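Please treat every number below as a calculation from the coordinates, not as lab data. Every value quoted in this text rests on a predicted model; they were computed, and no experiment measured them. Glycine also receives a Cβ, built like all others from the backbone with ideal geometry; neighbour counts cover every protein chain displayed.
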Amino acid sequence: MDKQYDEKKELIPDTCNCGRGRLRRGITEYVTKVNGGVVVIKNVPALICDLCDEKYLTPEVSREIDKVVKDFREGRLLAKPIAAGEVELKIKEAA
């Protein structure tokens, strides 16, 4: 008998990759670059580590984010402008 695949059980961890933290439900922001601009998606449900603050998205939330990014990319989404800056990290090599 084949094992039935359950996306919620298979892809959503109980513990964080840090090895010590437990995941709890919370809200975060998702930030990404699209067409040379920056999109910030607020009020994103996530599983958040209680020790290291690592965030995990469920497959359902990831699919919704993909839809928002696609709508933004295609100009179908009215977004509030935000101030943003972009800098490069420059690390000097040790001699």
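So, in nm, how far is label Val69 from label Ile91 when the simple model puts each one 7 Å beyond its Cα toward the Cβ?
So the two model labels end up 2.5 nm from each other.
Go through (1) 1.10; (2) 1.43; (3) 1.19 and flag the label whose value is the computed Cα Rg over 2.2 N^0.38 Å for this structure.
From the options (1) 1.10; (2) 1.43; (3) 1.19, the structure gives (2).
How far apart, in nm, are two points set 7 Å out from the Cα along the Cα-to-Cβ line at Arg22 and at Lys80?
3.5
Eight or more residues apart or on different chains, and alpha-carbon atoms under 17 Å: count the Lys pairs in the chain matching that.
10
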